[in-house]
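Comments concern the structure below.
Readers should treat all values here as calculations from the given coordinates under stated rules, not as data from a laboratory. Here the structure is a predicted model, which is why all the values come from computation and not from measurement. Backbone-built Cβ (ideal geometry, glycine too); neighbour counts: all protein chains shown.
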Amino acid sequence: MTKRDPFKYFHSSPEIIRLAVMMYVRFPLSLRNVEDLLHERGIDISHETVRYWWNRFGPMFAAEIRRRRVQQMRSYSNWQWHLNEVFVKINGELHYLWRAVDHEGEVLESFVSKRRDRKAALKFIRKSMKRYGQPQVLVTDQLRSYGAAMKQIGNAERQETGRWQNNRAENSHLPFRRRERAMQRFRSMRCLQKFAAVHASVSNHFNQERSLYSRANFKLNRAAALSEWRQLGAA
C-alpha cells in the first residue's frame with residue numbers, strides 16, 4: 001500500500017514547511033518572529049500560515065518521532081522514571097501539566113488535568129506505562145497523589161522520594177517555560193496538551209547533551225538529527 005503524501009496540494013515545498021514548524025516548536029519564537037526569519041531567507045509567508053502549518057504538521061511529525069523512539073526504547077529496560085507536575089494558567093484558571101522523564105532527561109509523556117489528585121495521577125501513570133512499559137524505579141516528589149495511585153496499581157514499593165532526587169524532572173520544565181512565555185500562555189486545555197506533546201517530541205529529537213562528549217561527536221549527532229527531521233512525512 002502506497003503511503004499518502006501529507007504535503008499534497010500545498011504550494012510550499014516540504015522543506016520550507018518542516019523548517020517553519022521546527023523553528024516555531026523548537027525555539028522560543030512567536031509566529032511573527034518565524035515569519036520575519038523566513039523572510040530574511042527569501043521565504044515570504046504570513047504568520048497565520050506558520051500557525052496553520054504547525055497545527056497541521058506538528059502532531060504528525062511528533063507522532064512519527066515518538067513512534068521511532070518507542071520502538072527503540074522497548075529493546076532496553078526502563079530503569080528509572082522521574083514524575084513531576086508543573087502549574088500552568090489557562091485563561092486565569094490553574095491547571096497542571098504532568099510529565100514523565102526518563103533517567104537521561106527525555107520527556108516520555110505529558111498530560112494536562114484540572115486537578116492533581118489520585119485520579120489524575122493514576123490516569124497519567126497508566127497512560128505512560130501503556131506506551132513505554134513499567135520502569136524499575138519511579139522517582140516523585142512528596143505529593144500524596146503519587147503514592148495513592150501507585151498503591152492502586154500495585155507498584156508502591158518502586159516509588160522513591162527525596163529532596164534533590166527529582167531534579168531531572170524539574171530541569172525538563174525549563175524549555176517548556178521559555179516556550180510558554182513566547183506564546184503568551186495558552187487559551188485552552190486542548191491547545192496546551194497538543195503543544196506539550198509536540199514540543200516534548202521535538203525537544204527529545206534535537207537534545208544532543210553536548211556537554212557529555214566532544215565537539216566532533218556533537219556535530220555528527222546534530223547533522224544526523226537534522227537529516228532525520230528532513231525525512232519526516234516523506235512519502
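Overview of values
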item	result
Gap separating the Cα centres of the stretch 212-235 and the stretch 6-42, nearest whole Å	19 Å
Matching label, mean projected area of the Cα convex hull in nm² computed from the structure shown, candidates (1) 14.9; (2) 13.1; (3) 11.5	(1)
Rg/Rg_globular for the stretch 1-104, with Rg_globular taken as 2.2 N^0.38 Å and Rg from C-alpha atoms	1.38
Check: the stretch 45-134 dipole with +1 on Lys, Arg Cβ and -1 on Asp, Glu Cβ, in debye	460 debye
Ordering of 89-97, 113-121 by burial proxy (mean other Cβ atoms within 10 Å per residue, highest first)	113-121, 89-97
Cα shape, the stretch 131-219, gyration tensor, a/c 1.5 rule	oblate
Gyration tensor verdict on the stretch 51-165 (Cα atoms; rounded if a/c is under 1.5, prolate if a/b is larger than b/c, oblate otherwise)	oblate
